[in-house]
Every structure is written in structure tokens, then in C-alpha cells.
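*Asks:* Have a look at this one before I ask anything.
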Amino acid sequence: MTKVEPLTPYQATDAIPSIPRAGNEPVFHAPWEAHAFAMALALNARGVFAWSEWAETLGDEIRKAQAAGDPDSGDTYYRHWLATLERIVAEKGIATREALAQHRAAWERAADRTPHGTPIELSTEDFHG
């Protein structure tokens, strides 16, 4: 693990200038975006990565998405954040890419069967779809 000083959300928004914000506050358009942001802060606090490593990996994920046709209109920013989170977690050996894909598929199955406005709950069956 990398020895780093954990950052507060305010420090993180300063360290990663591309974070969508209103004033000095990060802006999230959906709860999952805030959750992804919080997971990155938690992993940084545990020393999994330094913000310089995060920024470099995020930049790489954004460039890859742009090369694949992402219009870079700002509304996909946290998709890149999530891709960065998954990549770092896999590269650091915290979870395999296969496990991440399995959980993503289970989440999609659970979301498909959940009525709008109802909390999504994963079940064992979601992992055997």
C-alpha cells in the first residue's frame, strides 16, 4: 500500500480539478456518483493509492473513452470515475475484474426487477443470472 495522507472531500476536489463542482462543492447528479466519490476517498484514506496516481489513471480512462467516441460533455464524468475505481481496485488486487463484472451484472439484474423509486436489493439469485 502507498503511504499517503488521506484527503477530505474539499481537498480531493482541489487535487482533482476535473471534478464537477458548484463553487468548492462536488456536484453529483445521481446517488451512485456520490457513492463512487466516497469509495475513492475511503480507498485513498486506507493508503490504496495516492491522488496523483488517481489523477493519472482517471486521465487515462477519460482519454480512452474520448478515443472510443465519448463526447466529453461532462455528463459522463463519473462513469470515468467509476472505471478508474474499478481499474485501480483490480490492479491493486483488491478485487478481480471478473468479480467486478459479476457484481455489475448482478446489480443490473436486480435493478431490472426493481420498481422505480424502490431501493435496489441484491439477492443470491442475481449472481446466477
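Every read-out reported here was derived from the displayed coordinates using simple, explicitly stated rules and does not represent laboratory data. Only a predicted model underlies this, so the values are computations on that prediction, with no experimental measurement involved. Don't worry about glycine lacking a Cβ; one is built from the backbone with ideal geometry, like all the others, and counts go over all protein chains shown.
*Asks:* Taking only Cα atoms, what is the 0 to 90° angle, nearest 10, from helix 77-91's long axis to the longest principal axis of the chain?
*Replies:* 90 degrees
*Asks:* Using only Cα atoms, tell me the angle between helix 31-45 and the longest principal axis of the chain; keep it within 0 to 90° and round to the nearest 10.
*Replies:* 50 degrees
*Asks:* Kindly rank 111-119, 34-42 from highest to lowest mean number of other beta carbons found within 10 Å of each residue. Working shown, then result.
*Replies:* Details: 111-119: 8.2, 34-42: 16.2.
Highest mean packing first, the order is 34-42, 111-119.
*Asks:* While we're on this one: On a 0 to 90 degree scale, rounded to 10, what angle separates helix 51-67 from the longest Cα axis of the chain?
*Replies:* Around 60 degrees separate the two axes.
*Asks:* Now for a different question. Just from its helices, what would the mean residue ellipticity at 222 nm be for the chain, if runs of 4 or more DSSP H residues each count -39500 (n - 2.57) and the sum is divided by every residue, rounded to the nearest 500 deg cm²/dmol?
*Replies:* Values: 5 runs with 71 residues, N = 129.
Using -39500 (n - 2.57) per qualifying helix, the result is -18000 deg cm²/dmol.
*Asks:* Considering the dipole of the chain built from charges on the beta carbon (Lys and Arg +1, Asp and Glu -1) around the Cα centre, which of Pro115, Ala83, Thr96 is farthest to its positive end?
*Replies:* The residue sitting farthest along the positive end of the dipole is Thr96.
*Asks:* Could you calculate, for the chain, the ratio of the Cα radius of gyration to the Kirkwood radius, expressed as Rg to Rh? Mind dumping the intermediate values first?
*Replies:* On the way: Rg = 15.7 Å, Rh = 16.0 Å.
Rounded to two decimals, Rg/Rh equals 0.98.
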